[in-house]
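Asker: Sharing a structure below in structure tokens format, with a few things to ask.
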Amino acid sequence: MLDRESLEPVRLLHRASLFKRLAAGDRQKLQVIAANVDTLFIVASCNQDFNIARLERYLVLAREAEVNPVVVLTKMDLADQPEAFAEKARAVQPDLVVEIVNARDAESVARLAAWCGPGHTVALLGSSGVGKSTLVNTLRGSDSIATQAVREEDGKGRHTTTVREMHRLDGGGWLLDTPGMRELQLSDAASGLAEVFDDILALTLKCRFSNCTHEAEPGCSVRDAMQQGKLDRARLERWRKLAVEDAANSVSRATRRERADIAENAAQALSNNAGRRPRR
Ligand SMILES: Nc1nc2c(ncn2[C@@H]2O[C@H](COP(=O)(O)OP(=O)(O)OP(=O)(O)O)[C@@H](O)[C@H]2O)c(=O)[nH]1
Ligand SMILES: [Mg+2]
Ligand SMILES: [Zn+2]
């Protein structure tokens, strides 16, 4: 927080919500994507970009950071059945808010204003080309941020936005536009995973063996649910993949932390010894 007069920093505000990811290239490092965000717009398009696994991944991130997620599906004007995409997204979590818009159309985007009121900060995440910057432009009633047509061949974006940028709305809200990210690995996201996949978690707690792998053990509630058509195998596999990834990344960072602790303790011991040299 800055002092109004001197503009000197007077207080470091507590980061209410923190989005982090493992830095691309260096899996051992955490990179902060955004802090103090109230709402996350998870942006995807009503086309081949739409991907349930990616949506779940962003949701885990939002739940882990305790930020309110809103799924924004763009390009409804280009889709034959945009509602079909919304249905798929809603199936991920029963209470999930899903909005379908034409990001270029102010009237269509107006429904998102509810989350962008005074003092509110919204971060936009999603693949390149889904229309994050277009949404920001339309919400601000300007076209000052660069956007670029997606590639003809595969509909993929061209990584037009390259840095995170805050944009102020006339109404007092803030929008954080981000570059479409290629890599978004989970780390330390156990509680986010538990929330997004709470149905699976509840089943695993009922398995006969506490270390059930849900492959071949008797008394497995997860397999029972699948046999009864209550759990989709693909969803189970997506959960498994994210859980394994999260565990692997969390462990490798823990080892790094442990190594740092050991090094620090050793240094401490050395300096203590230096102070307590035996008298001659
Ligand atoms: N018809 C239509 N076009 C859209 C819509 N949303 C975005 N576009 C177009 O899609 C292209 C990509 O939009 P951008 O806003 O640059 O996408 P972005 O998500 O910011 O992409 P990066 O900055 O690369 O991460 C632009 O040509 C937009 O005009 C939409 O709802 N309908
Ligand atoms: Mg952009
Ligand atoms: Zn089981």
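Asker: Given GLY126, TRP115, PHE50, which one lies farthest toward the positive end of the charge dipole of segment 49-133, if we put +1 on the Cβ of every Lys and Arg and -1 on the Cβ of every Asp and Glu?
Answerer: Projecting each Cα onto the dipole axis, the largest value belongs to GLY126.
Asker: Once phi is turned into θ = phi - 60°, what whole-Hz ³J(HN,Hα) does the Karplus curve with 6.51, -1.76 and 1.60 give for every residue of segment 125-139, x standing for Gly and Pro?
Answerer: Per residue, the Karplus-derived 3J(HN,Hα) values read 10, x, 4, 5, x, 7, x, 5, 5, 4, 4, 4, 4, 5, 5 Hz.
Asker: Express the C-alpha Rg of segment 156-226 as a ratio against the empirical globular expectation 2.2 N^0.38 Å, rounded to two decimals.
Answerer: Working it through for segment 156-226, the quotient is 1.86.
Asker: Amide H to amide H under 5 Å from ILE100: which residues, 5+ apart in sequence or cross-chain, H placed 1.01 Å off N in plane?
Answerer: Amide H neighbours of ILE100, under 5 Å, 5+ apart: LEU73.
Asker: Any of LYS132/LYS230; LYS206/LYS241; LYS156/LYS230; LYS75/LYS230; LYS88/LYS230; LYS88/LYS241 with alpha carbons more than 24 Å apart? Name them for me.
Answerer: LYS132/LYS230; LYS156/LYS230; LYS75/LYS230
Asker: Next question. Rounded to whole Hz and in sequence order, give me ³J(HN,Hα) for segment 68-83 from the Karplus expression 6.51 cos²θ - 1.76 cosθ + 1.60, θ = phi - 60°, writing x for Gly and Pro.
Answerer: Each residue of segment 68-83 in turn: 6, x, 10, 7, 10, 9, 8, 6, 4, 5, 9, 9, 6, 10, x, 4 Hz.
Asker: Also, I was wondering about something else. Amide H neighbours of VAL43 under 5 Å, at least 5 residues apart or on other chains, H built in the peptide plane: list them.
Answerer: Answer set, sorted by chain and number: VAL72, LEU125, GLY126.
Bear in mind these aren't lab numbers, they're just calculated from the coordinates by the rules spelled out. Everything quoted here is computed from the prediction, not taken from an experiment. No Cβ is skipped: glycine too gets one built from the backbone with ideal geometry, and neighbour counts run over all protein chains shown.
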